[in-house]
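**Student:** Take this structure, written in structure tokens, and hold onto it; I'll ask about it next.
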Amino acid sequence: MRTLRSLLAILLFLVLVPGVFAQKKEAAKSQAPTPSEFLGFQVGADRTLADYRQISSYFHALAAASDRVEIQVLGKTTLGEEMFMAVLSSPENLRNKARYKEIARKLADPRGLTREQIDALVRDGKTILLITCNIHSTEIGSSQMAMEWAHRLATAQDAETLRRLNDSIVLLIPSLNPDGETMVTEWYRKYLGTKYEGGPMPYLYHHYVGHDDNRDWFMLTQIETKNVNHMVYHDWYPQFWLDEHQMGYTGPRIYIPPNADPVAKLVNPLVHRGNNLMGATMGWRLEEAGKSGVIFGYSFDAYWPGGTRNTGWWKNMFGVLTEVASAHIATPIEVSSTELQGGQKGLITYEQQINFPNPWPGGVWRLRDIMDYELLVSDAALETVSKYRPDLLRGVASMAQHAVESADAAEFWRIPIEDQSDPVRAARLAALLAEHGVEVHLSVDKKSFLVRLAQPYGRFVDEMMGIQRYPEVHPAANSGILEPYDVAAWSLPLMMGVKADKMEAAPAEMPPAAPLAGIPWPASGLNGAAKYYQIADHQNNVFALINAMQAAGGQVFLAHKSGEMPWLIFAAHPELAAQAERLHLLLRGRADLPDGAVALKPVRVGLYKPYIPSMDEGWTRFILDQYNYRLKNIENKEIKAGGLNNSYDAIILPDSSRNVIVDGRGGGFEGSSEEFPPEYQGGIGKEGLKALREFVENGGTLVTLAGSCNVIPGEEFSLPVRNVFAAGEGGRGDSSAPFNIPGSLLRVFVDTNHPVGYGMPHQIAAFFDSPIAFQTSPPPPEIQRTVIAWYPDDAKDILVSGYARGAERLERRAAAVSFTKGKGKIVMFGFRTQFRAQTEGTFQLLFNALLWAGM
């Protein structure tokens, strides 16, 4: 009887205890608060936003309450905020995430694996889905949606969600630009209830680059980009990337895949098949839920490699974009049916068509609507990667294998180490490729970096190292071409000014099997003990050394003889060796100064900052900060007040229009016709133009970049120069002929005997994206004029990479000019010397212009 009682007690324990554990588990889940409960307000409600720190606090609370959520810190942001990612999956998957990362890594690089081994990895692996939100900070809906979707995944008990979480691991980044999310939220709250509610900010929503934070994914200049790039290509190796955006409010309600034309040739077509598969699921679920206004094949092409998920296409990753119509941040907007419009690639007229079968009729559009559409596409993304898990995992491996097998095993891109005008830039190019996950080798003779094409990311290498020719796709007979979504050229060697060539290695030249673990930088430091040290003036980092040493109280001199390379000479200083080593520069000692050496004075640089934000201002500020310039932003009030020579030796006007700079009207990408608060209205006006003219006449140097060159010609400065593309002007040839050069690299010749051309090669690839070219005329006696750079005589020699129609209008036109007027100087660059911090090969022209101010 005692034995029977014992058996009954054991059976009762086995029956009841699991139920007790289940109740405890359910209780824990019930303790996972909703975002609205945790934050104390209704998330997604009109005129209500959570800022980044509130979002972060919520995700940390959710992770503490749920065994399906973990937090991974990706690094710091530009302004020092913690950038995090939520990892969501089943508890078992999270416990074994190291194993699934390793499976993903092997599938991304299946070299050496048998078919059976790949099949086993596919059977055992989980699809890893990366969803990124809110890279453009005013596109704020996804940052709010991310909290709600994470809560759903963390607490759902339905069989379908549990199956999806068992099949997949979700990497969810609520904001790719945390600093900007905070800026936008704070600005919105500040003006809530006023006429400026929901209006634009008078500054960039990333500390440096604003909207261009989604243009940085092959150059990797910004901290946030680097953080995510490392996670994607060195840690998790996700197979699918969904990037959630917003767009304007007078068109379709949401864009989903497929992309519009054109298509990049080097992307494996399986990428687009997988993307379209996800797009089909998204479209189905949106229509099923009664969400109208869904469009595909619209505006966003499959050609450009610069955005988040786009770059991954060349690395055998599936990746899609969604774009939901915007509200006024969190303020509803009412759109009349008469205000709805097309006017873009894929939808010329706002009407029903095959890629837009159910147009939105108009009405009130809210933050809640944005979030509801995004919740549906996020669910559809997880549904897709779960349902097609084996196909997607095998697809990644097969694309990687194809990239290896379709390339010649002996074919490489070679980057010489020694035969470079700037060896540091060559090493930086090699390091950039390695940062992307590309294998870089050192040649047997140790004189070159070799980048093999027969590797999983070989097509990415070929795309970024080669020359582009934008395809002329005509949507209909006798129509114009489909315009590129962004730019048409991105050849890294050309933009960086680095010699590189595609070559076939002989057997004796084949590098070791193992790639470099780290990129070797050029020899650096001081060669011997001396009173002075010299270095040739043709390396970008030399300018950082000049600025660092002048800040430390050191002396710097310039020596130049016509027709010879300029030399920069540094007086011995306790900090010189350490700074030279930091900047990978080798200085050679000398006993004394050469004849004619000119002492350089530190240059105080003012960078104009308009209230209608200029991304070029941000990029210029970023570059000058990286190179240690004494930099200060200068705004309308200070310019108008005059007396600028008291504070500045050089003033830079960034790429922006005359309307923005002078009148405070119009705008670029982030500009708006909406009214700013009074303290942020207007431009420099006539008073500012007068103050700039006086600044030059009193000895200052004024530098104008691209669009701002249109500020200078006119009665205020009376210079003998005009932009041949300005209203009423005609370029060479037929001035009515079409002209279209959308972000391309053009051949330009440089006067290397002019101070702005010192150290430059005679021929460069200049980035051109605005219709600006100069015609000068003989100046009056009180003005000296120099054409610093100019285009070739023959149009067929102008385009280097990208696309050019009407290039004959640039024949023999000036690309950069300078003037001396009074005691000062004016330098005008019609092309983009420092475009998005990518064109390192022409940085020195801008640096030289600033150096000239200190001579």
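The values are calculated or read from the model by the stated rules, or taken from the named source; none is laboratory data. Computed from a prediction, not measured in an experiment: that's the story for all the values here. Cβ atoms come from the backbone with ideal geometry, glycine included; neighbour counts cover every protein chain shown. These accessible areas exclude ligands, DNA and RNA; they are computed on the full protein's heavy atoms, side chains included. Shrake-Rupley method; radii C 1.70, N 1.55, O 1.52, S 1.80 Å.
**Student:** Could you give every pair whose Cβ atoms fall below 6 Å, whose first residue belongs to the stretch 149-169 and is over 15 Å from Ser66 (Cβ atoms), and whose second residue is part of a helix (DSSP H, G or I) and modelled with pLDDT of 95 or more, counting only separations of at least 6 or pairs across chains?
**Tutor:** Arg164/Leu382; Arg164/Ser386; Asp167/Ser386; Asp167/Arg389; Ser168/Val385; Ser168/Ser386
**Student:** Quick check: anything in the stretch 579-590 over 17 Å from Ala431 (Cβ atoms) and assigned to a loop (DSSP other than H, G, I, E, B)?
**Tutor:** No: the stretch 579-590 contains no residue that is over 17 Å from Ala431 (Cβ atoms) and assigned to a loop (DSSP other than H, G, I, E, B).
**Student:** Filter the stretch 777-809 down to the residues that are among the hydroxyl-bearing types (Ser, Thr, Tyr) and in contact with a Leu (Cβ under 6 Å, 6 or more places away or on another chain), then identify the one that is nearest to Ala488 (Cα to Cα).
**Tutor:** Filtering the stretch 777-809 for residues that are among the hydroxyl-bearing types (Ser, Thr, Tyr) and in contact with a Leu (Cβ under 6 Å, 6 or more places away or on another chain), the one nearest to Ala488 (Cα to Cα) comes out as Ser801.
A quick yes/no check of all residues on (1) in contact with a helix residue (DSSP H, G or I) (Cβ under 7 Å, 6 or more places away or on another chain); (2) at negative phi:
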residue: Lys446; (1), (2): no, no
residue: Arg459; (1), (2): yes, yes
residue: Arg469; (1), (2): no, yes
residue: Pro475; (1), (2): no, yes
residue: Ala488; (1), (2): no, yes
residue: Gln534; (1), (2): no, yes
residue: Asn541; (1), (2): yes, yes
residue: Gly553; (1), (2): no, no
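**Student:** While we're on this one: Considering only residues that are part of a loop (DSSP other than H, G, I, E, B) and in contact with a helix residue (DSSP H, G or I) (Cβ under 9 Å, 6 or more places away or on another chain), look in the stretch 387-410 and name the one that is nearest to Arg164 (Cα to Cα).
**Tutor:** Filtering the stretch 387-410 for residues that are part of a loop (DSSP other than H, G, I, E, B) and in contact with a helix residue (DSSP H, G or I) (Cβ under 9 Å, 6 or more places away or on another chain), the one nearest to Arg164 (Cα to Cα) comes out as Tyr388.
**Student:** Determine which member of the set Gly312, Gly319, Gly342 is touching a residue at least 12 places away in the same chain (Cβ under 8 Å), surrounded by 18 or more Cβ atoms within 10 Å (Cβ to Cβ) and assigned to a loop (DSSP other than H, G, I, E, B).
**Tutor:** It is Gly342.
**Student:** Tally the residues that are touching a residue at least 40 places away in the same chain (Cβ under 8 Å), in contact with a Lys or Arg (Cβ under 8 Å, 6 or more places away or on another chain), not hydroxyl-bearing (Ser, Thr, Tyr) and not in a helix (DSSP H, G or I), restricting the search to the stretch 619-648.
**Tutor:** Summing the residues that are touching a residue at least 40 places away in the same chain (Cβ under 8 Å), in contact with a Lys or Arg (Cβ under 8 Å, 6 or more places away or on another chain), not hydroxyl-bearing (Ser, Thr, Tyr) and not in a helix (DSSP H, G or I) in the stretch 619-648 gives 2.
**Student:** Also, I was wondering about something else. Having 3 or more residues that are at pLDDT below 95, open to solvent by less than 10 Å² (accessible area, probe 1.4 Å) and in contact with a helix residue (DSSP H, G or I) (Cβ under 9 Å, 6 or more places away or on another chain) is the bar; report the helices (runs of 4 or more DSSP H) wholly within the stretch 127-245 that clear it.
**Tutor:** Because the criterion is at least 3 residues that are at pLDDT below 95, open to solvent by less than 10 Å² (accessible area, probe 1.4 Å) and in contact with a helix residue (DSSP H, G or I) (Cβ under 9 Å, 6 or more places away or on another chain), no helices (runs of 4 or more DSSP H) in the stretch 127-245 meet it.
**Student:** Condition first: surrounded by fewer than 22 Cβ atoms within 10 Å (Cβ to Cβ) and under 21 Å from Asp794 (Cβ atoms). Now tell me which residues in the stretch 815-826 satisfy that.
**Tutor:** If the condition is that a residue be surrounded by fewer than 22 Cβ atoms within 10 Å (Cβ to Cβ) and under 21 Å from Asp794 (Cβ atoms), then no residue fits.
**Student:** Further question on the same structure: Going by the conditions given, is Val87 part of a helix (DSSP H, G or I), among the aliphatic types (A, V, I, L, M) and either closer than 26 Å to Asp391 by Cβ or open to solvent by less than 20 Å² (accessible area, probe 1.4 Å) (or both)?
**Tutor:** no
**Student:** Under 8 Å by Cβ, and 6 or more places apart or on different chains, what pairs join a residue from the stretch 64-77 that is under 16 Å from Leu88 (Cβ atoms) with one that is part of a loop (DSSP other than H, G, I, E, B)?
**Tutor:** That search, which allows pairs on different chains as well, returns Ala65/Gln31; Ala65/Ala32; Ala65/Pro33; Ser66/Ala32; Arg68/Ser89; Arg68/Ser90.
**Student:** Which one of these is in contact with an Asp or Glu (Cβ under 7 Å, 6 or more places away or on another chain) and either in contact (Cβ under 8 Å) with a residue 24 or more places away in the chain or hydrophobic (A, V, I, L, M, F, W, C) (or both): Ala578, Ala552, Ala559?
**Tutor:** Ala552
**Student:** Report the residue count in the stretch 29-44 for those that are in a loop (DSSP other than H, G, I, E, B), on the phi < 0 side of the Ramachandran plot and either among the polar types (S, T, N, Q) or open to solvent by 30 Å² or more (accessible area, probe 1.4 Å) (or both).
**Tutor:** Residues in the stretch 29-44 being in a loop (DSSP other than H, G, I, E, B), on the phi < 0 side of the Ramachandran plot and either among the polar types (S, T, N, Q) or open to solvent by 30 Å² or more (accessible area, probe 1.4 Å) (or both): 4 in total.
**Student:** I'm trying to understand the selection: among the residues of the stretch 225-235, which are touching a His at 6+ places or on another chain (Cβ under 8 Å) and within 20 Å of Ser137 (Cβ to Cβ)?
**Tutor:** Of everything in the stretch 225-235, just one residue is touching a His at 6+ places or on another chain (Cβ under 8 Å) and within 20 Å of Ser137 (Cβ to Cβ), namely Asn229.
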